[in-house]
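The structure appears right after this line, and notes come after that.
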Amino acid sequence: MKIAFAKIGRPKKGAVVASVLEGGKLSPTAAALDEENGGLIGKAIAASRFTGKAHQSLTVFTPAGRVLLYGLGDPTKLDPQWAEAAGGGIYAALASSGEKEAAVVMDRDDAGCAERAAHVALGAVLRSYRFDKYRTTMKKEDRPTLEKLTFMVKDHAEAKKLYDVEAAIAEGVAFTRDLVSEPPNVLYPESFAEHCVALKKLGVDVEVLGEKEMAKLGMGALLGVGQGSRRESKMVVMRWNGGAKGDQPVAFVGKGVCFDTGGISIKPAGGMEDMKFDMGGAGVVSGLMKALAGRKAKANVIGVIGLVENMPDGNAQRPSDVVTSMSGQTIEIINTDAEGRLVLADALWYTQDKYKPAFMVDLATLTGAMMVSLGEETCGYFANDDKLSDALKAASDAVAEPMWRMPLGDAYNKQMDSDIADMKNAGPRWGGAITAACFLERFVDKTPWIHMDIAGVAWSRKDRSTTPKGASGFGVRALDRLVRDYVEKA
Ligand code: BES
Ligand code: MN
Ligand code: ZN
């Protein structure tokens, strides 16, 4: 969808979006339209349940065309999170309306109006994401009509400048959503890696390790997961060097299980198709790298993703196998379906060992237990460092990607001890998201570290304000914000 910014006025074609405050007070544009049309707007409001409450909307037709009244709610609460939700709401109200374009007249000329316009535009773009490349028979009349949104606002040049930064982030989110939406016969470790290599044209340094290189490095944990697959396992290292030369980098590490059958501990058939999104952590890391490069972030950032396919096969690993990780620690495989932690064990160790980052954040669709804990609304995370934890929480709040800190601790950690090796890969059922995090912690030395279990949030089963149903890209925006506020401003 095309986004433009212009000075306040009346559009020559397309729909007009005008705002109304809670209680029904019309914006100047809405009031002018009301007057020009003999009180039509006021009558429509009176005849409806529209009161101007935040994110309510009402469509009114005047002889000159469609007017979408949009509820501002409380004028003291028009923050960026409100603005993004409003952008999503406006897009959703107009997407399939028949209109090809619309102008959003933002005629509150307070100090925050340019920033607000940029965020409304961002919300609309995020909501307009679609993945329909595999639909060949979809009729034209079933496709959205809206092609262009113009934001009319004082300081439209400033709004455009702010939006250009946000647009780079939206492209990162779309990249993640594309990767996560792709079916696993199309997106497997090697083809995933090719999408990352394409980031080179944005200035990202990309290196792809194959099984031979990983074997040389001793990554027995990751390689064990992939050994039952016909597809070669890969590890991709992406580097964005936007900071000062020699500045310590920060690192993001993603679980990239392109498909998780469970392996020999095979999953039940019902719902197994969901496991195409088991590369969601790697998808977020890739989208984040694209966003950072797109907005030319002034930071040195490493993105590492472990790409495998977990399949049952004559060569697949067995429950009771013992593997040796790159760290030297041995792992008894209790359940081949607890594979994500094995991939991350080597990816985290490698990242820490090779790049000595100031901090590491890993993301993984790691456990069903996390979905039992927090459902599909909130991402649970674990941290070994309070300052980093607080910084992530602040970033999460700023972009409305809800997160909640979960506990670590010795009592949980010791549940991962094995009778025969240094640890086992699966513990008791209760507290399964926590013991999984404790397992990962064994592969982190003194580096400040966060583990985000995105099992519940990587895929949305319903439309949300800025996320259409499907792959969400959850995490790209919060981590971009973490880099912006905690790394670049430090
Ligand atoms: N990829 C799954 C976790 C998952 C489940 C993510 C549902 C998203 C939706 C992971 O590899 C897995 O299978 N975890 C097991 C671990 C158990 C065997 C210790 C689980 O959560 O059941
Ligand atoms: Mn699994
Ligand atoms: Zn998995």
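The values are calculated or read from the model by the stated rules, or taken from the named source; none is laboratory data. This one's a predicted model, so the numbers in the text were calculated from it and none came from an experiment. In this analysis, Cβ positions are derived from the backbone assuming ideal geometry, glycine residues included, and neighbour counts consider all displayed protein chains.
Miscellaneous remarks
- Per-region count, the range 285-340, residues within 16 Å of ligand 2 (Cβ to nearest atom) and without any contact (Cβ under 8 Å) to a residue 60 or more places away in the chain: 2
- Of all residues making up the range 189-218, the number that are free of Cβ contacts under 8 Å to residues at least 24 places away in the same chain and either in contact with a Gly (Cβ under 9 Å, 6 or more places away or on another chain) or among the hydroxyl-bearing types (Ser, Thr, Tyr) (or both): 2
- Segments classed as strands (runs of 3 or more DSSP E), wholly inside the range 290-364, with at least 2 members that are over 21 Å from Asp385 (Cβ atoms): 300-310, 322-324, 330-332
- Members of the range 5-23 found to be of a type outside the set (Lys, Arg), in contact (Cβ under 8 Å) with a residue 60 or more places away in the chain and surrounded by fewer than 20 Cβ atoms within 10 Å (Cβ to Cβ), listed by number: Ala6, Ile8, Gly9, Pro11, Gly14
- Here Ala93 clears all of (1) of a type in the set (A, V, I, L, M); (2) over 26 Å from Ser472 (Cβ atoms); (3) assigned to a helix (DSSP H, G or I) except the condition numbered (2).
- Residue check, Gly73 more than 20 Å from Thr150 (Cα to Cα) and within 30 Å of the chain's Cα centre (by Cα): yes
- Taking the range 146-241 and the helices (runs of 4 or more DSSP H) fully enclosed by it, the elements with 2 or more residues that are of a type outside the set (Ser, Thr, Tyr) and under 30 Å from Met423 (Cα atoms) are at 211-217, 220-226.
- Pick from the range 266-289, criterion among the β-branched types (Val, Ile, Thr) and in a helix (DSSP H, G or I), ranking: farthest from Trp240 (Cα to Cα): Val284
- The range 368-381, subset crowded, with 23+ Cβ neighbours inside 10 Å and within 15 Å of ligand 1 (Cβ to nearest atom), residue nearest to Gly262 (Cα to Cα): Met370
- Qualifying residue in the range 437-455 (condition: in contact with a Lys or Arg (Cβ under 6 Å, 6 or more places away or on another chain), polar (S, T, N, Q) and surrounded by 15 or more Cβ atoms within 10 Å (Cβ to Cβ)): no
- Criterion violated by Leu26 - all others in (1) touching a residue at least 24 places away in the same chain (Cβ under 8 Å); (2) surrounded by 18 or more Cβ atoms within 10 Å (Cβ to Cβ); (3) more than 34 Å from the chain's Cα centre (by Cα) satisfied: (1)
- A search for C-beta distances below 9 Å between a residue of the range 360-374 that is closer than 18 Å to Val284 by Cα and assigned by TED's automatic domain parsing to the domain that holds Ser286 and any residue that is polar (S, T, N, Q) and near ligand 1 (Cβ under 6 Å from one of its atoms), counting only pairs 6+ apart in sequence or on different chains, returns nothing.
- Unmet requirement for Thr51, which otherwise passes all of (1) farther than 19 Å from Ala170 by Cα; (2) buried (at least 18 other Cβ atoms within 10 Å of the Cβ); (3) not acidic (Asp, Glu): (2)
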